[in-house]
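Student: My structure is below; once you've seen it, I'll send some questions.
Computed from the coordinates by the stated procedures, all read-outs in this text should not be read as laboratory data. The shown structure was predicted, so the numbers you read here are calculated from the model rather than taken from an experiment. All Cβ positions, even for glycine, are placed from backbone atoms using ideal geometry, and neighbour counts span all protein chains on display.
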Amino acid sequence: MKPFYITTAIDYVNGSPHLGHAYEKVLTDVIARFRRQMGDQVRFVTGTDEHGQKVQASARKLGVPPQQFVDQVSAEFRQMLTRLEISNDDFIRTTEERHKKVVRDILQRLFDKGEIYKAEYRGFYSTRQEQFLQEKDRLPDGSWPEIFGEVTEITESNYFFKLRSYQEWLVDFLNKNENFIFPSYRQKQVLEFLKEPLNDLCISRPRERLEWGIPLPFDEKYVTYVWFDALVNYYSAVVDLPGVWPATYHVIGKDILVPPHAVYWPIMLHAAGIPVPQGIIAHGWWLQRGAKMSKSTGNALNPLDLVTEFGADAFRYFLIREMNVGQDSDFTREQFLVRYNSELANNLGNLVNRTLNMTTRFAGGVLPAADVNEDLERSLQELWAKTRDEFIALCEGFQFHTALERAMAFLTETNAYVEKRAPWKLGKSTEAKDQALLRTSLATMAEALRLAVALIQHVTPATTKKINAVLGYTAGATWRDELNWGSRLNGSKVEPALVLFPRPTPPALEAGKPAPKKG
Ligand code: MSP
């Protein structure tokens, strides 16, 4: 079986990680964990993009060598992965030898094939910012903003990659592979973009201007510029692992789809004689007050603050539950608290508390067998079978937000079942029929809980483990088998209590609704 190889974009290290970076890693992790559960052999790679002008400038400002600077920031990104329970198999950095070697090999191969040529590059250049400017950088009156200082038109020799000669091939490829990009409406945008003739891609910068990059193997006076370095990480990370390439999916944000991932990358690979990936998943942006969350806008949220306050699982749950993959979402603390309180603390947390509490009170902490199967039990079991099947199909199509909604609806129904059976009343009766119903309701609620948390475990891995532990349950090896309603918990000794999603501390609570007390 071909391994399922999935990647994230590699993050620039000129700033600390923010919520947008965290989301992409969580989304990719959720897909990776889901595919592992489905039996795929998964390879999951993420990393950092460490060359370029901005990094060079940031290091200079701090008066430290660039390598020292990137070592520090890259470590921060890796730390974030640990805190978010990301299950990546590898972490690639573009300053690593294994990567630089592959970039140079590919460049040499393309150069030898005549796909790269040298030509003059004319453009407006800002000496103060040490960068070429684009027409879009101009102010509405046609002048250049103050920050660029003096802007002059200069001509510089550089290396170009023959992108244009592959335009027809790419259009044909996209027409033949209709599902190359998810969501599919983004594929149409790429085809729209390809209606205009492509320009060849400038892939170099003279070393005297940009020191911090990978030297071209055929002309050491130049370094590669941006995408030829960064995109190759996907390939260099697995080049020594037989059978892993091509990638199954690259997960990226919509801002770097066209042209880098949807145009440059397939053409670069095809021109170099390397198979192209199976697909690209382009997610939307986290916004704050309508603007893309980013370091430069100054509205970036530190994901680790939320993780510290609410735990990794609550954070992961919120991101995946809230965002429809591909579309944008506004991040508000209020909405976070609403979901935290109503879905995690009340719906899931409440079922956990009731199950542990009542099993302890009425059954000596040992889960009994269900010996009645009436309409109430049967309809919950039917809902389970439907929920499970729909949930899996939704996850296969990356509709995780709807999948979680279904899982929550099942938990709501389970809590409603508990209300109807009212084991707290049955527990006071000594009638044999009531005792049988009591045992049945305890077994039913515990089994429903076990199933629900098994279902969402790729989103909430730590919570699922904790709940299994207090249910005295060790999950089996095959996820799909775990999802069948049964009697696995019969005779299991449960813990008396578990604090899972504690009520937020007062300042946080002000923004959300206090949870009503139940059960
Ligand atoms: N280094 C390049 C990617 C090279 S991939 C070969 C880059 N880095 S980045 O740090 O700017 O962004 C990394 C990823 O985070 C991108 O996929 C980007 O879309 C994503 N996000 C950055 N801000 C975001 C939001 N506000 N919301 C969601 N994701 C966004 O681009």
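Student: What do you get for trypsin sites (Lys or Arg not before Pro) in the stretch 383-457 restricted to DSSP loop and a cutoff of at most 13 other Cβ within 10 Å of the site's Cβ?
Tutor: K428
Student: Could you give the length gained by full extension between A416 and A477, i.e. 0.36 nm per residue of separation minus their alpha carbon distance, to one decimal place?
Tutor: So the extension gain works out to 18.9 nm.
Student: Could you list the GluC sites (Glu not before Pro) in the stretch 132-183 that lie in coil according to DSSP, counting only those with at most 15 other Cβ atoms within 10 Å of their Cβ?
Tutor: Of the GluC sites (Glu not before Pro), the ones in loops of the stretch 132-183 whose Cβ has at most 15 other Cβ atoms within 10 Å are E150, E178.
Student: Let's see if you can work this out: charge +1 on each Lys and Arg Cβ, -1 on each Asp and Glu Cβ, no other charges. What is the dipole magnitude of the stretch 429-498 about its Cα centre, in debye to the nearest 20?
Tutor: 160 debye
Student: With a cut-off of at most 16 other beta carbons within 10 Å, and DSSP calling the residue loop, which GluC sites (Glu not before Pro) in the stretch 368-434 qualify? Please list them.
Tutor: E374, E431
Student: Tell me which lysines have Cα within less than 17 Å of K292's Cα, excluding those fewer than 8 residues away on the same chain?
Tutor: Straight-distance partners of K292: K254.
Student: Just check the chain against the gyration tensor rule for me: Cα atoms, a ≥ b ≥ c as the square roots of the eigenvalues, rounded for a/c under 1.5, and otherwise prolate or oblate depending on whether a/b exceeds b/c.
Tutor: prolate
Student: So what is the 222 nm mean residue ellipticity for the chain from helices alone, if each DSSP H run of at least 4 adds -39500 (n - 2.57) and you divide by all residues, rounding to the nearest 500 deg cm²/dmol?
Tutor: After summing the helix terms and dividing by the residues of the chain, the value is -13500 deg cm²/dmol.
Student: Could you put T505, T444 in order, starting from the residue whose Cβ has the fewest other Cβ atoms within 10 Å?
Tutor: Fewest to most other Cβ atoms nearby, the residues stand as T505, T444.
Student: Taking the dipole about the Cα centre of the chain, with the C-beta of Lys and Arg at +1 and of Asp and Glu at -1, give me whichever of V325, Q457, N175 is farthest to the positive side.
Tutor: So the residue we want is Q457.
Student: Relative to the first principal axis of the alpha-carbon coordinates of the chain, what is the inclination of helix 432-455, with its axis defined by its Cα atoms, in degrees from 0 to 90 and to the nearest 10?
Tutor: In the chain, helix 432-455 runs at an angle near 10 degrees to the longest axis.
Student: Then there's this: Can you compute the modelled spin-label distance between N357 and A57, with each label point 7 Å from Cα toward Cβ, in nm?
Tutor: So the label points at N357 and A57 sit 5.8 nm apart.
Student: Cβ under 10 Å from F362's Cβ, F362 left aside: what net charge do those residues give with Lys, Arg +1 and Asp, Glu -1?
Tutor: Local charge sum for F362: +3.
Student: What's the tally of Lys pairs in the stretch 143-242 whose alpha-carbon atoms lie under 21 angstrom apart, where the two lysines are 8 or more places apart or on different chains?
Tutor: 4
Student: Hey, what angle do you get for helix 312-322 against the long axis of the chain, alpha-carbon based, 0 to 90 degrees rounded to 10?
Tutor: Result, in degrees: 80.
Student: Treating only the Cα positions of the stretch 401-454 as identical point scatterers, give the base-10 log of I(q)/I(0) from the Debye formula at each q in 0.19, 0.21, 0.25 Å⁻¹.
Tutor: Normalising to I(0) and taking log10 leaves -0.65, -0.74, -0.91.
Student: With the cut-off at 1.5 for a/c, could you classify the stretch 330-428 from its C-alpha gyration tensor as rounded, prolate or oblate?
Tutor: Oblate shape, in that a/c is at least 1.5 and b/c is the bigger or equal ratio.
Student: Now for a separate question. Reachable lysines from K466, Cα under 16 Å, same-chain residues fewer than 8 places away excluded?
Tutor: Qualifying lysines at Cα under 16 Å: K493.
Student: How would you classify the stretch 43-129 from its alpha-carbon gyration tensor, with a ≥ b ≥ c the square roots of the eigenvalues: rounded for a/c under 1.5, else prolate if a/b is greater than b/c, otherwise oblate?
Tutor: In terms of gyration-tensor shape, oblate.
Student: Here is a further query. Quick check on my link table: of K118/K295; K54/K118; K2/K295, which ones sit more than 31 Å apart, alpha carbon to alpha carbon?
Tutor: Cα-Cα > 31 Å for K118/K295; K2/K295; rest within.
Student: I've got another one for you. Just to confirm the number: angle between the C-alpha axis of helix 350-363 and the first principal axis of the chain, 0 to 90 degrees, nearest 10?
Tutor: Taking Cα atoms only, the helix is inclined about 30 degrees.
Student: Under unit Cβ charges (Lys, Arg +1; Asp, Glu -1), what dipole magnitude, rounded to 20 debye, does the chain have relative to its Cα centre?
Tutor: Computed about the Cα centre, the dipole is about 1320 debye.
Student: Provide the gained length on full extension for the span D200 to K425, in nm with one decimal, where the gain is 0.36 nm per separating residue minus the Cα-Cα distance.
Tutor: 73.4 nm is the gain from fully extending D200 to K425.
Student: For the stretch 268-344 and the stretch 399-441, what is the centre-to-centre distance using only Cα atoms, to the nearest Å?
Tutor: Answer, in whole Å: 34.
Student: Run down the lysines and flag those whose C-alpha is under 23 Å from the C-alpha of K433, throwing out any fewer than 8 positions away in its chain.
Tutor: Excluding near neighbours in sequence, the set is K420, K425.
Student: At 0.36 nm per residue, and after removing the present C-alpha to C-alpha distance, how many nm does the segment from R289 to V366 gain when stretched out fully?
Tutor: Extending this stretch completely gives an extra 22.7 nm.
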